[in-house]
Structures are given as C-alpha cells and as structure tokens.
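Colleague: Below: one structure in structure tokens.
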Amino acid sequence: MTGIPVDPVPEKRVWFPAKRYGWGWGLPCAWQGWLVLAAYFLGMFLLSVTAMIFFTGNRMPEGNGWAPHRWKGIDIWTQHSAGRTNVCLHVPVIPTFSPVLGIASWIFLLLLLIAGLIAVCRAKGEKPHWRWGKD
C-alpha cells in the first residue's frame, strides 16, 4: 500500500428504472429522463406535422364550394358547409413529394427517433432483463 487514497467508482445515476414486470424500462425517475421523454414526444409530434405539411397538406383543393383567397403570397382556400368552415393552405415555396416517399421517410425518421430513445434508455437506465415483480 502506498497510502494514496483511492476514490470509489461513482455510482451510476439511473434515469430510467427497469420495469417491475416484463422486459424494458419504466417511466423516468429523474428530471433528465423526463426531459428526454418530452423531447422524444416533441420530435414525434414535429415529425408528424411536418409529414402532413410536406406530403399531404400542400395540394390545391378539388371539388365544389372552395373559394380561393390570397394573403401574403399564401393561397388560402375556404369552404363553408353545414355551419362549418374548412380551410386549406397552399404555400408555393413548400415542395410536394410523392406519398410513397413521404411514408417511407416518415417511417425511417420515426425509427431513428425510437432508436435514439432506446439508446438513451440503455445508457442511462438499469440493465433490462425479464422480471416477474419479485426483483
């Protein structure tokens, strides 16, 4: 012994505890975990809204009853029926992609978000294994 004090290995701070039943992780137990979960859900929301705009929502409406309006370079189409107003926006600078490319891109980016959440859970959570509630 040289007399040099050895610091103990710091204990790993868990953000995601293991589930009590089954395999995987439960709800976060630290504010950092809640922040990661909120960022994941925000990413899913923004991805879905962006997909709706780029891949479905930027087409001119077809059919009867649509009235065109123009406001600051944006085409706005309105339709009044049965006491309700439908609105469709067309922004010429937003490209419209094919639905197949849109769905494939959305699925790919969604899988990236899921993989990112799983990677954070593996790095900052308890080691997952099958549990029967007695652990």
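The values are calculated or read from the model by the stated rules, or taken from the named source; none is laboratory data. Model, not experiment: these values are computed from the prediction. Don't worry about glycine lacking a Cβ; one is built from the backbone with ideal geometry, like all the others, and counts go over all protein chains shown.
Colleague: Pairs under 8 Å by beta carbon, first residue at pLDDT below 85 and of a type in the set (Asp, Glu) in the stretch 8-19, partner surrounded by 10 or more Cβ atoms within 10 Å (Cβ to Cβ) and assigned to a loop (DSSP other than H, G, I, E, B), six or more apart or different chains?
Modeller: The qualifying pairs do not exist here.
Colleague: Return only the number of the condition from (1) at pLDDT 90 or above; (2) loosely packed, with under 11 Cβ neighbours inside 10 Å; (3) in a loop (DSSP other than H, G, I, E, B) that residue 115 does not satisfy.
Modeller: (3)
Colleague: Considering (1) in a loop (DSSP other than H, G, I, E, B); (2) at pLDDT 90 or above, say which one residue 32 fails and leave the rest.
Modeller: Every listed condition holds for residue 32 apart from (1).
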